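Enquirer: Questions regarding the structure given below will be posed in turn.
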Amino acid sequence: MLRLTQAEEQVMLRLWGLKEATVKDIIQFYPAPKPAYNTTSTIVRILEKKKFIGHKKKGRGFIYFALVSKEEYRNYLADWMLNNYFDCSKQEAINYFNQNKRLDELL
């Protein structure tokens, strides 16, 4: 699995929430100012190439759906952060969040 860019993550978060959506549907879930249709469409195509989303034909357009679940990506990202920022140490990660009082906020 590949780590997504911030723009790709934003599209995926909306698609995970919607389950299935057109590009226009995805754009509607952005706060103002909304991204351009062409920009969002390009990100969707990139996510298809990365095998994060699939599509099915509907009329002249497409309906997109996630191939990678939010939970799968969250687990990958948590492992990636643990390996790259905490030297594979769960205790070091817990200490970090506890020292910064973020652990209390999470619990």
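The values are calculated or read from the model by the stated rules, or taken from the named source; none is laboratory data. Keep in mind that this is a model prediction, so the values were computed, not measured. Ideal geometry is used to build each Cβ from the backbone, glycine not excepted, and the neighbour counts take in all protein chains shown.
Enquirer: Taking the stated definitions as given, is residue 56 closer than 18 Å to residue 1 by Cβ and at pLDDT 95 or above?
Expert: no
Enquirer: Quick check on residue 61: is it surrounded by 10 or more Cβ atoms within 10 Å (Cβ to Cβ), farther than 13 Å from residue 1 by Cβ, of a type in the set (Gly, Ala, Ser) and modelled with pLDDT of 95 or more?
Expert: For residue 61, the condition - surrounded by 10 or more Cβ atoms within 10 Å (Cβ to Cβ), farther than 13 Å from residue 1 by Cβ, of a type in the set (Gly, Ala, Ser) and modelled with pLDDT of 95 or more - is not met.
Enquirer: Here's something else I'd like to know. Residues that are farther than 22 Å from residue 20 by Cβ: list the helices (runs of 4 or more DSSP H) wholly contained in the range 31-107 that include at least 2 such residues.
Expert: 70-85, 90-99, 102-106
Enquirer: Do you know which of the residues in the range 1-30 that are among the charged types (D, E, K, R) and not in a helix (DSSP H, G or I) is nearest to the chain's Cα centre (by Cα)?
Expert: So, considering only residues that are among the charged types (D, E, K, R) and not in a helix (DSSP H, G or I), the one nearest to the chain's Cα centre (by Cα) is 3.
Enquirer: With (1) surrounded by 15 or more Cβ atoms within 10 Å (Cβ to Cβ); (2) over 14 Å from the mean Cα position of the chain (by Cα); (3) basic (Lys, Arg) as the list, and residue 49 as the residue in question, which single condition is left unmet?
Expert: (1)
Enquirer: Among the residues of the range 1-50, count how many are farther than 24 Å from residue 76 by Cβ and either of a type in the set (D, E, K, R) or in contact (Cβ under 8 Å) with a residue 40 or more places away in the chain (or both).
Expert: Counting residues in the range 1-50 that are farther than 24 Å from residue 76 by Cβ and either of a type in the set (D, E, K, R) or in contact (Cβ under 8 Å) with a residue 40 or more places away in the chain (or both) gives 5.
Enquirer: What pairs can you find where one residue is in the range 71-82 and closer than 18 Å to residue 15 by Cβ and among the small types (Gly, Ala, Ser), the other is surrounded by 13 or more Cβ atoms within 10 Å (Cβ to Cβ) and at pLDDT 95 or above, and their Cβ atoms are less than 9 Å apart, with a gap of 6+ or different chains?
Expert: Short answer, once both residue conditions are applied: none.
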